[in-house]
Amino acid sequence: MVMTMPARAMRPDRPTPQAVLAALDGVPDPEIPAVSIVELGMIGSIDVGADEIVVELLPTFVGCPALEVIRDAVTARVAELGRPVRVEVSFATPWSSDRISNAGREKLRASGFAPPAAVRPGRELPMLDAAVAPVACPYCGSLRTTLENVFGPTQCRSIRHCADCRQPFESFKPV
Amino acid sequence: MTSAAVPPPQRAANAPDPWLRDPLAELLLTMADDEFVSGFTDSEWTGIAPLLEEDVAISSISQDELGHARALYQLLAGVLDDGRDEDAIAFDREPEDYRHARLLDHPRGDWASTIARRFLYELADEARLASIGDGWPPLADLVGKLRREERYHRMHLVAWVNRLANGGEEARRRLTAALEELGPDAATVFTPLAGEGTLLEAGILTRSMADAESAWRADLTGILVPLGLPLPHAMPQSPAGRQGHSDAFRWLWGEFTAVRHSEDGATW
């Protein structure tokens, strides 16, 4: 222990978990750069230990091909805080679209993506039940929208159509 | 599937007890191979599905399945701990060493055949996932996530079965023929596992494959009987349900290993 103290003294102060989270808020989603991975709710726990920072990363979809890019970006960003970092991809807390923050939802909408309807326990597939969970068009706000395809250009997105402004748009899949 | 640099998460902390290793590896391999082979088979539709919307849908479902396979192979790599990563397990085996169910040995076929095969498989996979308990947390955690995604697959395939059943004489005839052709192999997803008793004892499984099969048959009955479509017959189960693969699978194997075999040891 005594031997390591001089080395420790040379290091920057141990960051708070809040500081790590703030740093990660600068990591964009590679496919929708308008939102950060923090706003998408992809960060689980942050453990700032004496020797390393452990970040728990929650994949939006198990097979998300952007995960490698995101993990590398998280590692690089946290490393700037001057400590070794370990990123653990975890399913212990299953990511749900309910984890997307209000700020994240607003940024999605501004980018032309309808945010997902709330999943909440006990309700299955809310996107299909327009009476319970209408999806507003991100362009004109109309609720007269229809689901064209549950499956979209990426695993986390669906395709909808607005009957008022006649615009196709994408919505986040509730999961 | 990339990168040997990704360590299987928390390998040491979650290493199973030695007596669980072989039964767990068998379960993970069968689940992963089912997802992997079915994902590759249906990715053959990319670009040529009957509708543009369906091209997107079947491709997305296939991508999900390959991602699920990858996560399961990663868990398996941690359990085996023999130096192979998920890519080595997925691609560096001979065709006869794959343990996917014979249901998934059938070729892509026509659209009705694909819908019938995937419908039978999705509902079987759902019954199997519902049989995984919390005996080994890494698998229980992953399964919790998989089930959220698989709901969309079920919904899509049930919608297609209804659509073809009520879609006119030709659609109904093709779907009926496909269900009859696949019927004898449909229940092979529930081929008993050699280590099933151990998995039940450890709470990794909460019910036997035979009980999962019963739940699946009840589920199928509720959908197929009202549509007047044939149910798969009950067949005696044997280990052959996951062995002795078809020429169609050997061809597919040649396709999905082509890139890997083009340059041994290459990484990207």
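The values are calculated or read from the model by the stated rules, or taken from the named source; none is laboratory data. All values derive from a computational prediction rather than experimental measurement. All Cβ positions, glycine included, derive from the backbone under ideal geometry; neighbour counts span all protein chains shown. All accessible areas refer to the heavy atoms of the entire protein, side chains included, with ligands and DNA or RNA removed. Shrake-Rupley method; radii C 1.70, N 1.55, O 1.52, S 1.80 Å.
Key figures
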read-out: Index of the failed condition, A:Arg83 passing every other in (1) closer than 24 Å to B:Gln63 by Cβ; (2) modelled with pLDDT under 95; (3) part of a loop (DSSP other than H, G, I, E, B); value: (1)
read-out: Positions within the stretch B:245-259 being modelled with pLDDT of 95 or more, surrounded by 11 or more Cβ atoms within 10 Å (Cβ to Cβ) and in a helix (DSSP H, G or I), in sequence order; value: B:Ala248, B:Phe249, B:Arg250, B:Trp251, B:Leu252, B:Trp253, B:Gly254, B:Glu255, B:Phe256
read-out: Index of the failed condition, B:Ser113 passing every other in (1) open to solvent by 10 Å² or more (accessible area, probe 1.4 Å); (2) out of contact with any Leu (no Cβ under 9 Å at 6 or more places or on another chain); (3) in a helix (DSSP H, G or I); (4) away from every other protein chain (no Cβ under 14 Å); value: (2)
read-out: Index of the failed condition, B:Leu142 passing every other in (1) open to solvent by 20 Å² or more (accessible area, probe 1.4 Å); (2) in a helix (DSSP H, G or I); (3) touching a residue at least 24 places away in the same chain (Cβ under 8 Å); (4) within 14 Å of another protein chain (Cβ to nearest Cβ); value: (1)
read-out: Total residues in the stretch A:42-63, condition open to solvent by less than 30 Å² (accessible area, probe 1.4 Å), more than 14 Å from chain B (Cβ to nearest Cβ) and part of a loop (DSSP other than H, G, I, E, B); value: 1
read-out: In the stretch B:156-196, residue least open to solvent (accessible area, probe 1.4 Å) [restricted to those that are assigned to a helix (DSSP H, G or I) and free of Cβ contacts under 8 Å to residues at least 40 places away in the same chain]; value: B:Ala159
read-out: Selection status of B:Thr221, surrounded by fewer than 16 Cβ atoms within 10 Å (Cβ to Cβ) and either within 19 Å of the chain's Cα centre (by Cα) or touching a residue at least 60 places away in the same chain (Cβ under 8 Å) (or both); value: no
read-out: Residue list for the stretch A:158-175, restricted to those being out of contact with any helix residue (DSSP H, G or I) (no Cβ under 9 Å at 6 or more places or on another chain) and either away from chain B (no Cβ under 13 Å) or in contact (Cβ under 8 Å) with a residue 24 or more places away in the chain (or both); value: A:Cys162, A:Ala163, A:Asp164, A:Cys165, A:Arg166, A:Gln167, A:Phe169, A:Glu170
